[in-house]
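Visitor: First the structure, which I've put down as structure tokens, then a few questions once you've had a look.
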Amino acid sequence: MPASPSATPEHIKDVNTRYHDAAAHSYDAKWGIDFGPIGQDQVEGKLRKALDGDLPDTLGRVLEIGAGTGYFSLNLALAGRIDSLTATDISPGMLESLSKTAANLGIEVETVVTEAEVLPFDDDSFDTVIGHAVLHHIPDLDRAFSEFFRVLVPGGRIVFCGEPSRYGDRVAAAPKRIGTLAGPVWRRLVGASVLEHTEEELCDEEHSLEPEVDVHAFAPADLRKIPPGAGFEEVHVSGEEAVANLWGWSMRSMESTAVPDSIPIGWRNFAFRSYIAFQKVDTALLEPRLPAEFFYNLLLSARKPY
Ligand SMILES: C[S@@+](CC[C@H](N)C(=O)[O-])C[C@H]1O[C@@H](n2cnc3c(N)ncnc32)[C@H](O)[C@@H]1O
């Protein structure tokens, strides 16, 4: 869903770099990114689901694609699942933020600014290639998956989580609208102030580029077809988050109508904890029973043959 179907790959990559550079400083707060026990629990849960329960003690030498501020890999490192970490991203700003967080957390990481379609690494140099919420930004997925295949050792695996499903993306429009409409009542209830966008803010990088950064929402069957094209086997695609997604988008849309600093901390804690509780409901009740198509987020894993 690029803003313009005629957008060239170079334009999409340029927009992604500028948008994420501009978003880097407020990214963790906006998305409620946690580097404590909750964050670690979340990413280990995603890894377990993506690998269909076959969770190894360690992922070995890990390369992350589109690492952003480090939500996925730094939490996996904190959970003791990574031997060595190389974090890559097309946005230097996101990697700067990741490096600061890694230093604060005492995690050793090599950061490399690169796009996913051309990786500056030798053949057979990683045991696992991972990513979270990145595939839907990459214009040429076949080329990117060929690169993941090349840099993996035989028997190495790819694990990608947090990719928007086509159905989930459509369904998310409703809570987004409801959240925005409920904004004035909610602000009065919690005592938050309205966020007035100035002309200047509306023209800033982050606001103006937002509609152009996403290029795909996946049908599970289409996502399943991509890895074999590059040579992968043992492809597994599953889905997660239904109720949590509806709840999360309505909370986030209400909050986006308020000045961030005026939102009471008590509300922020409630919104975060209730979202985590709904994630648990999805994991326990819906994910084991419903097909991947039904969920907002898709998870993918595959193996390079031995
Ligand atoms: C939605 S953010 C996710 C960040 C992080 N993985 C997370 O889950 O918080 C997507 C990330 O992918 C990066 N990205 C976008 N297009 C890319 C490309 N073609 N190659 C590599 N990274 C890309 C962006 O700069 C951004 O940091």
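Rule-based calculations on the coordinates, nothing more; no lab input. Since the model is a prediction, treat every value here as computed from it, not as a measurement. So basically every Cβ, Gly included, is an ideal-geometry build from the backbone, and we count neighbours across all protein chains shown.
Visitor: Please list log₁₀ I(q)/I(0) at q = 0.21 Å⁻¹ for the range 1-99, using the Debye equation with identical point scatterers on the alpha-carbon positions.
Guide: The Debye formula, applied to the Cα set alone, gives -1.07.
Visitor: Given Cα pairs under 8 Å that are at least 6 residues apart, what percent is the relative contact order of the range 85-183?
Guide: Computed over the range 85-183, the figure is 25 percent.
Visitor: By how many degrees, 0 to 90 and rounded to 10, does the Cα axis of helix 173-190 deviate from the longest principal axis of the chain?
Guide: So the helix axis and the longest Cα principal axis differ by about 40 degrees.
Visitor: Separate question: Count the lysine pairs in the range 9-303 whose Cα atoms lie under 25 Å apart, taking only pairs 8 or more positions apart in sequence or on different chains.
Guide: Going through the range 9-303 pair by pair, I get 14.
Visitor: On a 0 to 90 degree scale, rounded to 10, what angle separates helix 220-230 from the longest Cα axis of the chain?
Guide: 30 degrees
Visitor: For the chain, what is the relative contact order in percent, using Cα pairs closer than 8 Å and at least 6 residues apart in sequence? Can you show the working numbers first?
Guide: Working: 575 pairs, mean separation 69.3, N = 306.
Once divided by the residue count of the chain, the mean separation gives 23 percent.
Visitor: Separate question: Contour minus end-to-end for Val281 and Ser208, with contour as 0.36 nm per residue of separation and end-to-end as the Cα-Cα distance?
Guide: Fully extending the segment from Val281 to Ser208 adds 22.7 nm.
Visitor: Also, I was wondering about something else. Among Thr101, Pro175, Thr257, which residue has its Cα furthest toward the positive end of the charge dipole of the range 9-303, with +1 on Lys/Arg Cβ and -1 on Asp/Glu Cβ?
Guide: So the residue we want is Pro175.
Visitor: Now for a separate question. Okay, helix-only estimate at 222 nm for the chain: each DSSP H run of n ≥ 4 adds -39500 (n - 2.57), divide by all residues, round to 500 deg cm²/dmol; what do you get?
Guide: Working: 13 runs with 140 residues, N = 306.
One gets -14000 deg cm²/dmol as the mean residue ellipticity at 222 nm.
Visitor: Given +1 on the Cβ of Lys and Arg, -1 on the Cβ of Asp and Glu, and no further charges, what dipole in debye does the chain carry about its Cα centre, rounded to the nearest 20?
Guide: In total the dipole reaches around 1260 debye.
Visitor: Let me ask you something else. So how compact is the range 9-165: Cα radius of gyration and Dmax in angstrom?
Guide: 14.5, 40
Visitor: Using a Gaussian network for the chain with springs between C-alpha atoms less than 10 Å apart, which of these wobbles most: Val118, Val109, Val129?
Guide: Highest fluctuation among the options: Val118.
Visitor: In addition: Among Arg157, Arg252, Arg170, which one shows the highest mean-square fluctuation when the chain is modelled as a Gaussian network with alpha-carbon springs under 10 Å?
Guide: Arg170
Visitor: Measure nothing fancy, just the Cα-based angle from helix 37-50's long axis to the longest principal axis of the chain, in degrees from 0 to 90, nearest 10.
Guide: 50 degrees
Visitor: Need one number for the range 86-201: average projected area of the convex hull over its C-alpha atoms, nm².
Guide: That works out to 11.4 nm².
Visitor: Oh, and also: Determine one quarter of the surface area of the Cα convex hull of the range 9-303, which equals its mean projected area, and express it in nm² to one decimal.
Guide: 14.6 nm²
Visitor: Take Val185 and Arg143, extend 7 Å from each Cα along the Cα→Cβ direction, and tell me the distance between the two endpoints in nm.
Guide: 4.9 nm
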